[in-house]
Amino acid sequence: MSTAEIPFTVESRKDTGLYNAKLGIWLFLASEMMLFGALFSSYILLRVGATNWPRGSSILSVPLGALNTTLLITSSLTIILSWAALRMKDFKKYKLYMGVTIILALVFLGIKAYEYGMKFEHHLYPSTSTFMAIYFTLTGLHALHIIGGIVVNAYFWGPGSRMWQTDPERFTNRIEIAGLYWHFVDLVWLFLFPVLYLL
Amino acid sequence: MSATNIDTIKNEIRGYITIFSALLILSFVTVGIFYLQLPLGFAIFFALLISAIQAFLAAGYFMHLISEKMLLLYAILALTVVFIIFAIALPSIEHHNPITGTIYQNEHHQPNISAEHHNVP
Amino acid sequence: MSHEAHHEMPFWQKYIFSQDHKVIGIQYGLTSLLFLFFGFFLILLMRWQLAYPGEALPLIGKWLGEANMPDGKMLPEFYNQLGAMHGTIMVFLGVVPLAVGAFGNYLVPLQIGAPDMAFPKLNMASYWAYFCGGVVMLASFFVPGGAASSGWTSYPPLANIATTGQTFWLLGMVLLITSSLLGSVNTITTIFQLRAEGLTFFRLPFFVWAQLVTAFLLLLAFPPLEAAGVMQLMDRLFQTSFFMPSGLMVGGEPLAISGGGSALLWQHLFWFLAHPEVYVLILPAMGIITEIIANNTRKPINGYNIMVYSIIFLGFMSFVVWAHHMFLTGMGTAISAFFQATTMIISIPSVIVLSFLFLTLWGGSIRYNTPMLFALAFLPMFGIGGLTGLPLGLAASDIPLHDTYYVIGHFHYIVAPGTIFALFAGIYYWFPKATGRKMSEFLGQLHFWPSLIFMNIIFMPMFIQGLAGVSRRLYDGGATYDFAHGVLHLNKLSTHGAWGLVIAQIPFIINFFWSMYKGKKVTSKNPWEATTLEWDAPNIPPHGNFEQPLKVYRGPYEYSVPGAKKDYSPQSSEHI
């Protein structure tokens, strides 16, 4: 092993039990938790200090939100099935499940865009009230994270999947990392949906 | 990951599908509770409780925190608990302000609204 | 992967878009030094106005344009821009990138025996994000209305309604925060995963521990500011009311916004970052000073283990003290009492670290070279800074002192003759490793002594002004207030001190560049006879750093070990 090569990019280090990218993504997710946590605590502060605050369901569509929740939870399943497929050396299955993940995410975004459109049609903008402001900011930032995830997943479905030929173990790890990020994005939505739509 | 038995992975997949079903069911329960139209306090409690359970399942099994070395798991759990206690405690302390005779003027602990408008030019 | 090691790279890949942590460290170093001097230039402009309010600045005044200094006389709006940008540039573009981006990137892999950082591409990305953030910040001076002018703290409602420069500030901050986040993920992963064989956590140099805690602070504390920045951008660009209360009037007209927001919300989110940020400013400095003191006393650091536990504790505590910056906002006495208590508790770890560093001097064979002089000066200077923080951390005594010159004196003592002295010390100390040559001792002394004297001349009077009640951010330095008249002359003293400080930096600038090419070549890899792993790498370490993988046999400060042949026992030598 040349001294210029960085160790533990694929194999795990004994005392931490991790390979580098896995620790890296968990650290990144910790910072993301602080980011969304700050927005959630802003939501709480704004709501507690407000003279009147609408019930989310009076403005937002609960059925659409529930549908989006179902889509994201399913996409979490499909992305982990795609990783399991790679561990069983089944590249075709990986492509299938990753493809489904991407499509589910795109449908999620489509529904979100439709919801935003409906709000704008009823002249409900971020500037209309602090509820709308925090709704658009929270879901908007979340949607940006979904888009980021779609870009990464699409890269791994497409051009990035060439690494399966040259370094299958490293590629499998990359899909694990992508999955961890994707589960986190789903997790944020599992809090966003009840807080914004149902409370 | 080193070579693992296909059967082990097939078992894991069965586990994933179970967790997926649990997450889905819990989400439907959340929506169901919403339709019960409970008072806000209860609604918040149940919504956050179910979300927390979903988070535990997703993080534990989908993100396989359960199988990582315990140190990572405990560190994350401990920090989360501390953060939550903090996030709930601080606004409550501020709102109830147990040290008396300060920003609240009357015994009924109503905010001193007239004083807030006093300095508007 | 590491194919770079096997063929010659074009110039732009080797030096511009490099993935090597040492090149990136030097990029961070040179860029941040430029920003430090630019930030210094901004305060020199301000100090002219403070000493000679309303007078035309000779020569330079006219060049700064009609919009800023008509007839060479500074406008209040321009003064505010200088103030906000001086703080922003010094903290986010100067000190932190130098302490963490430059020193951290360059030294952490070397001190742990690693070939590079864990994620070289990410490292490169984090430098360029910093660079772009810096460009955006500088560009803000040239937009209509000029740069941000609502303080480095950007409080709403003022910052919300300020000119375009504020939007640039927010965008610049998003880039800088991104850079910081990527860097901290890299540092933490590197320290956990790439330690050489035998290098357990309690054998790490204190510098590495300091960088580890700092990286955690950056990782977890910056995102709330990012969230706040997004919300302020939403307020400014999309007319939301996150931070705008109801019924706000501007220029006699009610604002056409929904209201319902809270200006305090910004303060909570901002200070949630900005308090850990001050520990980001000091921890790397403590790390550098510890390395230099151990080396130049030829002794192990007293209480190393306790120092490590102290800074870990400090890291945790730094997240729960932020509202001591908000004692005067009417939060309520219960909350204020909580934050006052945590603030008093957090002073303990710093005192522990400082005390052990002082104790280490006792009985040492002290070598008074330039790095050691700066390190020795750091100790009392940081002591003054820390002690003057105590009346600020107690809510009752903070009431007359908040937002006065006392605060400015307090934090400048910590950052200027504190952190910046530590950074100077580090530059003189590690220069031979990075260049193969030593900096001139003579020019070093010429840099050190006047700098120390002028730092005190500039900042000591500020405590007196603050106690007299002179507020900060006053464009005329307090001239309009009767109660300030007795201390106004101190403005001139501080300004003259600032001029002295500028001149004192000239020997350093000459020394820095001249020594790179003409400095005395060092004959060994380990000219300071130190124990830590970076001294095992050849001078100007090649890609991959070490000729063979290292093995570590002992702790980081095994100096003067009884029975050893030399007065230092390197970590990587099998025998003492």
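For chain C, what D do you get in µm² per second when you plug the Kirkwood radius from alpha-carbon pairs into Stokes-Einstein at 25 °C and 0.890 mPa s?
On the way: Rh = 24.7 Å.
Answer from the Stokes-Einstein relation: 99 µm²/s.
Taking a ≥ b ≥ c as the square roots of the Cα gyration tensor eigenvalues, with a/c under 1.5 meaning rounded and otherwise prolate when a/b beats b/c, else oblate, which class fits segment C:430-576? Display every interim value, and only then the final one.
Working: a/c = 3.47, a/b = 2.41, b/c = 1.44.
Prolate shape, in that a/c is at least 1.5 and a/b is the bigger ratio.
When Cβ neighbours within 10 Å are restricted to other protein chains, what is their mean count per residue of peptide B:78-85? Can you show the working numbers first?
Values: counts 0, 4, 2, 0, 3, 6, 1, 0.
Mean partner shielding for this stretch: 2.
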For C:Ser471, which sequence-distant residues (separation of 5 or more, or a different chain) have an amide H within less than 5 Å of its own amide H, given hydrogens modelled in the peptide plane? none
Starting from the Cα of C:Thr164, step 7 Å along the direction of its Cβ; do the same at C:Glu55; then give the gap between the two resulting points in nm. 3.6 nm
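Are there DSSP H segments in chain C that both extend 24 Å or more along their axis (alpha-carbon positions) and score a mean Kyte-Doolittle hydropathy of at least 0.0? List them, or say none.
Correct list, ordered by number: C:21-51, C:120-139, C:165-193, C:206-238, C:263-297, C:333-361, C:370-393, C:441-468, C:489-518.
Can you put C:His410, C:His402 in order of Cβ neighbours within 10 angstrom, beginning with the fewest?
Numbers: C:His410 24, C:His402 20.
The most exposed by this proxy come first: C:His402, C:His410.
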Sort the following peptides by mean Cβ neighbour count (other Cβ atoms within 10 Å, averaged over residues), highest first: C:323-331, B:88-96. C:323-331, B:88-96
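In cubic angstrom, how much convex hull volume per residue do the alpha carbon atoms of segment A:71-198 span? All intermediate terms of the calculation are to be shown ahead of the outcome.
On the way: hull volume 11.7 nm³, N = 128.
Considering the Cα atoms of segment A:71-198, their hull volume per residue is 91 Å³.
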When the dipole is taken about the Cα centre of segment A:71-198, and only Lys, Arg (+1) and Asp, Glu (-1) are charged at their Cβ, what size is it in debye, to the nearest 20? 400 debye
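Take peptide B:42-48, look around each residue's Cβ out to 10 angstrom, count Cβ atoms belonging to other protein chains, and average those counts.
Working: counts 0, 4, 4, 0, 2, 7, 4.
What the average comes to for B:42-48 is 3.
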Among A:98-109, C:538-549, C:178-189, how do they line up by average Cβ neighbours within 10 Å per residue, starting with the highest? C:178-189, A:98-109, C:538-549
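In peptide A:186-199, what is the residue-averaged number of other protein chain Cβ atoms found within 10 Å of each Cβ?
Values: counts 4, 9, 1, 0, 12, 6, 1, 5, 13, 4, 0, 4, 9, 6.
Across the residues of A:186-199, the mean count of other-chain Cβ atoms within 10 Å is 5.
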Segment C:319-386 to segment C:175-233: how many Å between their Cα centroids? 21 Å
Over the alpha carbons of segment C:469-529, what is the largest minus smallest coordinate on each principal axis, giving the biggest first in Å? 63, 22, 17
Lys/Arg +1, Asp/Glu -1 at C-beta; the protein assembly as shown dipole; positive extreme among A:Leu187, A:Ser76, C:Ile348: A:Ser76
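Sorted by mean Cβ packing within 10 Å, highest first, what order do the peptides B:44-56, B:26-38, C:262-274, A:133-145 take? Write down the numbers at each step before the final one.
Details: B:44-56: 16.5, B:26-38: 14.9, C:262-274: 22.1, A:133-145: 19.9.
Going from most to least packed, we get C:262-274, A:133-145, B:44-56, B:26-38.
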Sequence neighbours fewer than 8 away in the same chain don't count; with that in mind, list the lysines whose C-alpha is under 20 Å from A:Lys89. B:Lys10
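Jot down the per residue volume, in cubic angstrom and as a whole number, of the convex hull over the alpha-carbon atoms of segment C:372-447. Each step should come with its number before you reach the end.
Details: hull volume 6.6 nm³, N = 76.
For segment C:372-447, the hull spanned by Cα atoms encloses 87 Å³ per residue.
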Name the residue, out of A:Val188, A:Val48, A:Val62, whose mean-square fluctuation peaks in a Gaussian network model built on chain A with Cα pairs under 10 Å. A:Val48
Which of the helices in chain A meet the span-like rule: DSSP H, Cα axial reach of 24 Å or more, Kyte-Doolittle mean at least 1.0? A:20-48, A:62-87, A:130-157
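If the limit is 20 Å between Cα atoms, which of B:Lys69/C:Lys121; C:Lys438/C:Lys525; C:Lys520/C:Lys565; C:Lys433/C:Lys518 go over it? Please report the intermediate quantities before stating the final value.
Details: B:Lys69/C:Lys121 28 Å; C:Lys438/C:Lys525 12 Å; C:Lys520/C:Lys565 28 Å; C:Lys433/C:Lys518 15 Å.
With Cα atoms farther than 20 Å apart: B:Lys69/C:Lys121; C:Lys520/C:Lys565.
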To check my understanding: the extent here is largest minus smallest coordinate of the Cα atoms along each principal axis. What are those three numbers for segment C:234-368, in Å, largest first? 70, 33, 22
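For segment B:1-67, what mean projected area does the convex hull of the alpha carbons give, in nm²?
Numbers: hull surface 19.5 nm².
Its Cα hull, projected and averaged over all orientations, spans 4.9 nm².
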Select from A:Ser82, A:Ser161, A:Ser12 the residue whose mean-square fluctuation is largest in a Gaussian network model of chain A (Cα-Cα springs shorter than 10 Å). A:Ser12
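Which order results if A:Leu187, A:Leu64 are arranged by neighbouring Cβ count within 10 Å, fewest first? Write out the running numbers ahead of the final one.
On the way: A:Leu187 25, A:Leu64 15.
Ordered by Cβ neighbours within 10 Å, fewest first: A:Leu64, A:Leu187.
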Starting from the Cα gyration tensor of the protein assembly as shown, take the square roots of the eigenvalues, sort them a ≥ b ≥ c, and report rounded, prolate or oblate (rounded when a/c is under 1.5, otherwise prolate if a/b is larger than b/c, else oblate). oblate
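Throughout, read-outs are computed from the coordinates displayed, never taken from laboratory work. Source: prediction; values computed, not measured. Methodologically, a virtual Cβ is constructed for each residue, glycine included, from the backbone with ideal geometry; neighbour enumeration extends over all protein chains shown.
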